[in-house]
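A short reminder: the numbers here are calculations on the coordinates, not readings from a lab. Remember, it's a predicted structure, so these values are computed and weren't measured experimentally. Here the Cβ is made from the backbone with ideal geometry for all residues, glycine too, and neighbour counts use every protein chain on show.
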Amino acid sequence: MLRSTHAVVNLPAFLKNIRLAKRRLKPETKFLAVIKANAYGHGITTVGEYLEQSGLVDMLAVAIPEEGVRLRASGVTLPILILGVTDPDHIPAVVGNELTAAVFLPERIYAFERCAVASQKTAHVHVKLDTGMHRIGVTDDAMLEDLLDAFDACPHVSMDGVFTHFAKSEADPEFTHLQAQRFDAFVAKIRARGYHPIVHAANSAATLDFPELQYDMVRFGIALYGYHPDAKRSPGSGLTPVMSLITYISNLKTIPAGEGVSYGLRFVASRPTKVATLPIGYGDGYKRCLTGKTDVLIGGMRCPQIGTICMDQMMVDVSEVPGVAIGDEAVLIGRQGNEVITADELADKANTISYEILLSFNDRVPRVYEK
Ligand SMILES: Cc1ncc(COP(=O)(O)O)c(C=O)c1O
């Protein structure tokens with residue numbers, strides 16, 4: 001039974017977005033697809049499996065070990081980098097599942113070594129360098145030297161990679177290049193100690209805008225899903241949004257002028273108004289703060305959302321839609337006829353970013369995959 005409210009994930013759009021990025025890259029540059037947070041809301045296992053089968057991706061990245069373990073359980077064999085901190089408790093699962101951890105604390109290297117020896121495996125890690133984001137990573141030369149001493153003492157821990165993360169690459173070329181300079185200096189010191197890991201820094205913005213910062217691999221996140229990190233540049237970027245959000249009209253009525261709609265009667269009709277009810281609300285992830293600010297596409301027209309968005313339902317003014325009927329399709333994100341509503345549009349109205357809109361839809365909203 002498919003719930004009428006569902007998200008359509010157009011899988012081939014991933015391939016278009018990857019190919020678009022690859023046109024900007026050298027043929028030998030490796031491609032990492034960031035599929036953390038349930039593949040930005042698109043469904044981590046299906047997306048992971050699909051990307052593996054595409055043959056276009058060299059590595060996947062998640063944020064936490066649990067996400068990597070889930071991918072391994074679904075049969076994904078690509079290398080998987082965990083971008084966030086791996087707590088000591090999770091090291092056995094990371095080593096056992098052949099996941100790659102981000103590391104920057106010397107004591108954590110020793111913990112990986114102990115686990116690798118005990119399980120007769122090699123622990124695979126990438127060193128995280130903090131060049132200006134100030135979230136996680138090695139912050140200075142003394143810390144780097146301590147970390148490298150730990151690597152020297154831990155032969156079962158393999159430094160496969162070294163990376164940093166840009167704080168403002170969608171908006172600030174100068175600071176991005178300053179981060180790259182700091183990164184280059186750290187990388188030179190690592191090489192001088194005899195380590196030759198693969199080097200990566202570029203997120204979507206840097207992949208699309210700074211070919212000179214592609215290093216050995218790029219980490220492609222939001223643009224994989226069809227959005228430019230700078231919302232103003234999504235249109236014209238050539239990226240194809242992957243997810244649409246669809247529901248249907250579940251009830252229809254005309255109310256006279258002066259009647260209110262939904263909790264608090266925040267909308268009051270100024271004329272006889274045809275009101276459609278849609279079975280989606282903030283309990284599905286359609287943000288309540290969008291109340292009265294968004295449109296929904298019905299009959300190929302933009303229809304204003306009216307009244308407070310409820311947990312499970314919301315109302316829309318469909319007075320202008322000729323022949324509108326119960327059962328008609330309503331598009332909350334995506335295209336209908338000549339009209340389009342993007343996650344960027346909703347993000348702007350909710351005062352957030354496309355990332356948060358895409359991954360706000362929970363598992364009450366089934367994902368339907370188009371191949
Ligand atoms: C370390 C790291 N690399 C890459 C990405 C991908 O960034 P984007 O989605 O902007 O491409 C993220 C996302 O937050 C990240 O945390």
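Worth pointing out:
- Cβ-based charge dipole, the range 243-370, positive-most Cα from Gly281, Thr247, Ser270: Ser270
- Here the Karplus relation 6.51 cos²θ - 1.76 cosθ + 1.60, evaluated at θ = phi - 60°, turns the backbone of the range 295-301 into coupling constants of 10, 10, 8, 9, x, x, 10 Hz, with x for every Gly and Pro.
- Here the Karplus curve 6.51 cos²θ - 1.76 cosθ + 1.60, taken at θ = phi - 60°, turns the phi angles of the range 87-103 into couplings of 5, x, 4, 8, 4, x, 5, 5, 5, x, 9, 6, 8, 10, 9, 7, 10 Hz, with x standing for Gly and Pro.
- Set of aspartates and glutamates near Lys121 by C-alpha distance (under 15 Å), chain-local residues within fewer than 8 positions excluded: Glu98, Glu113, Asp160
- Counted charge near Ser237, where neighbours are those whose Cβ lies closer than 11 Å (Asp, Glu -1; Lys, Arg +1): -1
- Placing unit charges on the Cβ atoms only, positive for Lys and Arg and negative for Asp and Glu, gives the chain a dipole magnitude near 920 debye about its Cα centre.
- Distance from the Cα centroid of the range 241-320 to that of the range 182-237 is 41 Å (rounded to whole angstrom).
- Radius of gyration, Dmax [the range 77-195; alpha carbons; angstrom]: 14.6, 47
- Magnitude of the charge dipole, the range 11-225, Cβ model with Lys/Arg +1 and Asp/Glu -1, debye to 20: 720 debye
- Near Phe267, the amide H atoms lying under 5 Å from its own belong to Val261, Gly307, Thr308; only residues 5 or more places off or on other chains count, and H is placed 1.01 Å from N.
- Between amide H atoms placed 1.01 Å from N, distances below 5 Å from Leu129 occur with Val138, Phe163, Thr164, all of them 5 or more places distant or on a separate chain.
- Legend: P(r) of the chain from all alpha carbon pair distances, 20 Å bins from 0, whole percents, reading 27, 48, 21, 4.
- Ranked Val8, Val47, criterion: other C-beta atoms within 10 Å, fewest first: Val8, Val47
- Distance histogram for the range 259-331 (every C-alpha pair counted, 10 angstrom bins, percent rounded to whole numbers): 21, 55, 23, 0
- Set of lysines near Lys232 by C-alpha distance (under 21 Å), chain-local residues within fewer than 8 positions excluded: Lys16, Lys168, Lys293, Lys349
- For the range 354-371, putting each phi into the Karplus relation 6.51 cos²θ - 1.76 cosθ + 1.60 with θ = phi - 60° gives couplings of 3, 3, 5, 5, 4, 9, 7, 7, 8, 7, 6, 9, x, 9, 10, 9, 9, 9 Hz, in residue order, rounded to whole numbers and with x for Gly and Pro.
- Rg/Rg_ref, the range 58-132, where Rg_ref = 2.2 N^0.38 Å and atoms are Cα: 1.03
- In the chain, Cα pairs under 8 Å separated by at least six residues give a relative contact order of 18 percent.
- Here's how it looks for Ala202: its modeled amide H is under 5 Å from those of Arg219, which are all 5 or more places away or on a different chain.
- Top of Ala188, Ala21, Ala276 by mean-square fluctuation, Gaussian network on the chain, Cα under 10 Å: Ala188
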